[in-house]
1. For the chain, what is the mean residue ellipticity at 222 nm derived from helices alone (per DSSP H run of n ≥ 4: -39500 (n - 2.57); sum divided by total residues; nearest 500 deg cm²/dmol)?
2. Can you tell me how much longer the chain between residue 301 and residue 271 gets when fully stretched, taken as 0.36 nm per residue apart minus their C-alpha distance, in nm with one decimal?
3. Find, to one decimal place in angstroms, the Kirkwood hydrodynamic radius of the stretch 131-228, where the mean of 1/r is taken over every pair of different Cα atoms and then inverted.
4. Whole number please: convex hull volume per residue, Cα atoms of the stretch 215-303, in Å³.
5. Computed from the mean reciprocal separation of all distinct C-alpha pairs, what Kirkwood hydrodynamic radius does the stretch 46-176 have, in Å?
6. As an exercise, find the ratio Rg/Rh for the stretch 1-83 from alpha-carbon atoms, using the Kirkwood inverse-distance average for Rh.
7. Can you give me the C-alpha center-to-center distance between the stretch 20-42 and the stretch 188-209, rounded to a whole angstrom?
8. What does DSSP give for the chain in terms of the percent of beta bridges that are antiparallel, rounded to the nearest 5?
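None of the figures in this text is laboratory data; all of them are computed from the coordinates on show. All values derive from a computational prediction rather than experimental measurement. FYI the Cβ positions are ideal-geometry reconstructions off the backbone, even for glycines, and counts take in every protein chain you see.
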């Protein structure tokens with residue numbers, strides 16, 4: 001069995017600060033990457049112990065910008081990059097997926113850095129809000145063996161993810177407040193490893209995640225942004241702040257429309273990061289301190305903004 005680990009950072013067990021999830025701070029390089037690698041490595045080890053023959057990791061955090069210390073993963077684990085993974089998903093080269101480090105959706109104001117693709121946009125299928133875990137499952141269209149992450153995510157694994165095995169590894173109380181359920185790092189790794197082993201052993205109980213034949217994707221965002229994306233990829237403005245599109249296929253219909261909406265919301269994010277070289281801790285020290293301070297202030301406020309309610 002060949003399993004794809006879909007990894008994110010905000011729901012990792014030992015990460016407790018915004019500074020650990022963005023490479024603008026030394027905390028990301030000194031702690032965040034280590035913590036993500038710990039969770040991914042523990043999950044991979046558990047999957048292999050449960051009978052999986054090969055594990056491939058999709059580093060999905062910030063587009064996969066070097067968030068995992070690959071040299072610390074087991075030999076049977078590879079991290080090939082998003083283009084290769086996308087191609088292999090299209091080729092049906094995986095048998096199942098396992099999700100690590102997942103977080104709650106936008107609007108969960110007691111969930112650590114809660115967001116869905118980007119802070120500032122709520123996404124729904126047929127009126128039901130969904131999480132990034134749902135997106136990952138729909139993209140893969142494979143059985144989801146299990147998910148680890150923030151405790152606030154657990155109740156949100158509904159719809160097509162109802163009944164998916166879930167291991168909460170941290171507790172959150174606010175957008176910037178979270179703590180590990182198991183304070184000892186080694187205990188967290190053991191819990192994730194054992195959970196992944198059980199999930200692999202029980203793979204026959206998991207079915208393929210599928211969307212309805214016809215469904216509607218909606219995005220709720222700031223009114224001016226909703227007007228900007230209206231007309232793109234068949235998105236229709238149905239209120240001051242809501243755009244919708246009727247879909248028959250995730251990749252052909254829903255994915256392009258979703259990307260149009262989230263890209264509009266995320267433009268300040270990409271504009272802020274674009275000029276900076278954040279590929280290593282050494283590069284971080286070479287950035288002008290004034291520019292770095294301004295960018296840090298932007299991200300601290302942007303990642304922790306509470307849910308806004310826009311009138312439709």
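1. Values: 8 runs with 98 residues, N = 312.
After summing the helix terms and dividing by residue count, I get -10000 deg cm²/dmol.
2. On the way: separation 30, 0.36 × 30 = 10.80 nm, distance 1.55 nm.
Between residue 301 and residue 271, full extension yields an extra 9.2 nm.
3. Values: mean 1/r = 0.0638 Å⁻¹.
Answer for the stretch 131-228: a Kirkwood hydrodynamic radius of 15.7 Å.
4. Values: hull volume 10.3 nm³, N = 89.
Taking the convex hull of the Cα positions in the stretch 215-303, it is 116 Å³ per residue.
5. On the way: mean 1/r = 0.0635 Å⁻¹.
Evaluated on the stretch 46-176, it is 15.7 Å.
6. Details: Rg = 12.5 Å, Rh = 12.8 Å.
Result for the stretch 1-83 is an Rg/Rh of 0.97.
7. Using only Cα atoms, the two centres lie 23 Å from each other.
8. Details: 20 of 40 bridges.
DSSP beta bridges in the chain are roughly 50 percent antiparallel.
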